[in-house]
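Taking it in order: structure first as structure tokens, then the write-up.
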Amino acid sequence: MNNRDLNEKIPNWVAPPHPKGVVLDGQFVRLAPLTAVDHAAAIHAKNRASDSIWDYLVIGPFGEVGNYQNWVASVEAANDPVFLAIYDKDRNQWGGVASFMRIEQQMGVIEVGNINFAPALQRTRAATEAMYLMMKWAFEAGYRRYEWKCNALNLPSCRAAERYGFSYEGIFRQSNVIKGRNRDTAWFACIDKEWPALEKAFKAWLTADNFRTDGQQKTSLRSLTAPTLVKRDPRIG
């Protein structure tokens, strides 16, 4: 008798679709394929409020709008990453970028990355809903694992990952050289079995009943997603 310990079988596994061309529409935000013609100038103008948003990204900062337009033009047709422009409905403006990346359809793994929220979009319901809509698309499309990776020194990004329900998986030392500097990379992920609880948490947080008349939240998303976390980053408490 064979007593080998093997991993669980995945019956009837079918690779999920590619996200190219995806449009995501929510209550506070709309995400559409990023293009130089439609989005670059508007997003660049909002990004000019703070050059520090580029500190931990592979690209930027872009001093001139033409440089940013050229970069967008160079990536808008790519199949990986797939960049999305983020439209803030409350403020009636394009205010950020995020991407699906490291897209491994056959493995059912996809990552959210290149997140670049202009200051006006940061810490808003629109920003959170954008992340919710991307996660929702990934799991409902059939992906099994949804990843978040960031510079290990970027503690705000690590906190955001846990707030969105990504469990900490460790630090990959000397994983990259970015802008001539070493980068240790913090890994976070959530999996399909966790999605029902995470979706419930996002919906509860986004509801109008969760916000006071001054716009302040009653219950934090972090507290709602905390029960799903397998492990937390010990550096951020």
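Details
A quick yes/no check of all residues on (1) touching a residue at least 60 places away in the same chain (Cβ under 8 Å); (2) of a type outside the set (Gly, Ala, Ser); (3) assigned to a helix (DSSP H, G or I); (4) surrounded by fewer than 18 Cβ atoms within 10 Å (Cβ to Cβ):
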site	(1), (2), (3), (4)
Ala73	no, no, yes, yes
Asp90	yes, yes, no, yes
Trp94	no, yes, no, no
Leu121	yes, yes, no, no
Ala130	yes, no, yes, no
Trp148	no, yes, no, no
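- Residue match in the stretch 151-166 (condition: free of Cβ contacts under 8 Å to residues at least 24 places away in the same chain and of a type in the set (Ser, Thr, Tyr)): no
- Residue in the stretch 209-237 that is surrounded by the most Cβ atoms within 10 Å (Cβ to Cβ), counting only those that are modelled with pLDDT of 95 or more and among the small types (Gly, Ala, Ser): Ala226
Let's see how each residue does on (1) at pLDDT below 95; (2) touching a Ser or Thr at 6+ places or on another chain (Cβ under 9 Å):
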position	(1), (2)
Gly108	no, no
Ala118	yes, yes
Arg123	yes, no
Leu133	no, no
Trp148	no, yes
Ala160	no, no
Gly170	no, no
Ile178	yes, no
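- Residue match in the stretch 181-203 (condition: open to solvent by less than 20 Å² (accessible area, probe 1.4 Å), in contact with a Cys (Cβ under 8 Å, 6 or more places away or on another chain), outside any helix (DSSP H, G or I) and closer than 26 Å to Pro17 by Cβ): yes
- Any hit, the stretch 206-215, residues being within 22 Å of Ala161 (Cβ to Cβ), free of Cβ contacts under 8 Å to residues at least 60 places away in the same chain and part of a helix (DSSP H, G or I): yes
- Taken together, Ala77, Ala40, Ala15 contain a single residue that is assigned to a helix (DSSP H, G or I), among the hydrophobic types (A, V, I, L, M, F, W, C) and over 18 Å from the mean Cα position of the chain (by Cα), which is Ala40.
- Restricting Lys136, Lys46 to residues that are out of contact with any strand residue (DSSP E or B) (no Cβ under 7 Å at 6 or more places or on another chain), among the charged types (D, E, K, R) and part of a helix (DSSP H, G or I) narrows the list to Lys136.
The values are calculated or read from the model by the stated rules, or taken from the named source; none is laboratory data. Predicted model, so just to flag it, every value in this text is computed and none were measured. Don't worry about glycine lacking a Cβ; one is built from the backbone with ideal geometry, like all the others, and counts go over all protein chains shown. Side chains are part of the model used for accessible areas, which takes the heavy atoms of the whole protein and leaves out ligands, DNA and RNA. Shrake-Rupley method; radii C 1.70, N 1.55, O 1.52, S 1.80 Å.
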